[in-house]
1. Inspect segment 2-17 for any residue being more than 16 Å from the chain's Cα centre (by Cα) and on the phi > 0 side of the Ramachandran plot and give the result as yes or no.
2. What number of residues in segment 109-124 are open to solvent by less than 30 Å² (accessible area, probe 1.4 Å) and touching a helix residue (DSSP H, G or I) at 6+ places or on another chain (Cβ under 7 Å)?
3. Please count how many residues of segment 149-187 are under 18 Å from the mean Cα position of the chain (by Cα), modelled with pLDDT under 95, of a type in the set (A, V, I, L, M, F, W, C) and open to solvent by less than 90 Å² (accessible area, probe 1.4 Å).
4. Given the structure, is Lys57 open to solvent by 30 Å² or more (accessible area, probe 1.4 Å), in contact with a helix residue (DSSP H, G or I) (Cβ under 8 Å, 6 or more places away or on another chain) and within 23 Å of Phe9 (Cβ to Cβ)?
5. Give just the number: which of (1) buried (at least 17 other Cβ atoms within 10 Å of the Cβ); (2) of a type outside the set (Phe, Trp, Tyr); (3) assigned to a loop (DSSP other than H, G, I, E, B) does Leu138 not satisfy?
6. If a residue has to be open to solvent by 70 Å² or more (accessible area, probe 1.4 Å) and at pLDDT 90 or above to count, how many in segment 5-20 make the cut?
7. Test each condition in (1) farther than 18 Å from Ser144 by Cα; (2) out of contact with any helix residue (DSSP H, G or I) (no Cβ under 6 Å at 6 or more places or on another chain); (3) at pLDDT below 95; (4) open to solvent by 50 Å² or more (accessible area, probe 1.4 Å) for Val72 and report the one that comes out false.
8. Which pairs have Cβ atoms under 7 Å, sit 6 or more apart or on different chains, and link a residue in segment 104-116 that is within 20 Å of His77 (Cβ to Cβ) to one that is in a helix (DSSP H, G or I) and modelled with pLDDT of 95 or more?
Amino acid sequence: EFNITQADFYQNTWWPDMQQLAKEQNLTYTAIPIFDYRGVTEPPFLYPEWESTTIIKDGKTVIATDELMRSVIASRHELGFHGYNHQSLLKDNWPDQEIMEIAILGAIKKWKSSGFGKLPETYVPPSNFIDGTGIDALSIAMPSLHIMSSLYLGEFEEGSDREFDPEPFDEDMFDFPRITSGYVIKD
């Protein structure tokens, strides 16, 4: 419709519109990046997708995702964490907890080397699925996380069915469930 790339759309159309809405409505966003969508659950944990999308800014080619992250930071919105990849931190999805932790530590390394500031406090599980093993991996590898934002509705064992309470798998985290995800408009 706009005859532009997806990266240009997000950078030059969608994000400025979202910033304007935040200003008009006095909103603060939590942006939750994923560093790789390839489904990799064994090392090495690299960032080819993150680094391959570029845009032109001030006449220079820059990594689009880095630029968007910096804009979120400059706009004083929160940067949360959605994982290294979009694989839910479930025992059955990963070889073991240590590999989960290595992926999380890889994301931290990328976060720090890219200059994204303080480590995130909010975690949103991919596909809203997480179990006790995943919570343990997060607590060990990224202790800066204090808020788990899964779903209010759903199955507890899969990481949903959360109240506004301490996280049952780790009382150092607080559950701040999203209650509109999955909403279907009906007559």
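1. First, the residues of segment 2-17 that are more than 16 Å from the chain's Cα centre (by Cα): 2-17.
Still in the running and on the phi > 0 side of the Ramachandran plot: 3.
The answer is yes, given that some residue of segment 2-17 is more than 16 Å from the chain's Cα centre (by Cα) and on the phi > 0 side of the Ramachandran plot.
2. 3
3. Qualifying residue count for the region: 1.
4. Details: open to solvent by 30 Å² or more (accessible area, probe 1.4 Å): yes; in contact with a helix residue (DSSP H, G or I) (Cβ under 8 Å, 6 or more places away or on another chain): yes; within 23 Å of Phe9 (Cβ to Cβ): yes.
Yes.
5. Looking at each condition in turn, Leu138 falls short on (3).
6. Step one: filter segment 5-20 for residues open to solvent by 70 Å² or more (accessible area, probe 1.4 Å), giving 5-6, 10, 12, 14, 17, 20.
Then drop every residue that is not at pLDDT 90 or above, which leaves 14, 17, 20.
Number of matching residues: 3.
7. In the conditions (1) farther than 18 Å from Ser144 by Cα; (2) out of contact with any helix residue (DSSP H, G or I) (no Cβ under 6 Å at 6 or more places or on another chain); (3) at pLDDT below 95; (4) open to solvent by 50 Å² or more (accessible area, probe 1.4 Å), Val72 misses (4) alone.
8. Here the result reads none, with nothing in segment 104-116 linked to a residue that is in a helix (DSSP H, G or I) and modelled with pLDDT of 95 or more.
The values are calculated or read from the model by the stated rules, or taken from the named source; none is laboratory data. The shown structure was predicted, so the numbers you read here are calculated from the model rather than taken from an experiment. Reconstructed Cβ throughout: ideal geometry from the backbone, glycine too, with neighbour counts over all protein chains shown. Protein only, heavy atoms only, side chains kept; ligands, DNA and RNA dropped before computing areas. Shrake-Rupley method; radii C 1.70, N 1.55, O 1.52, S 1.80 Å.
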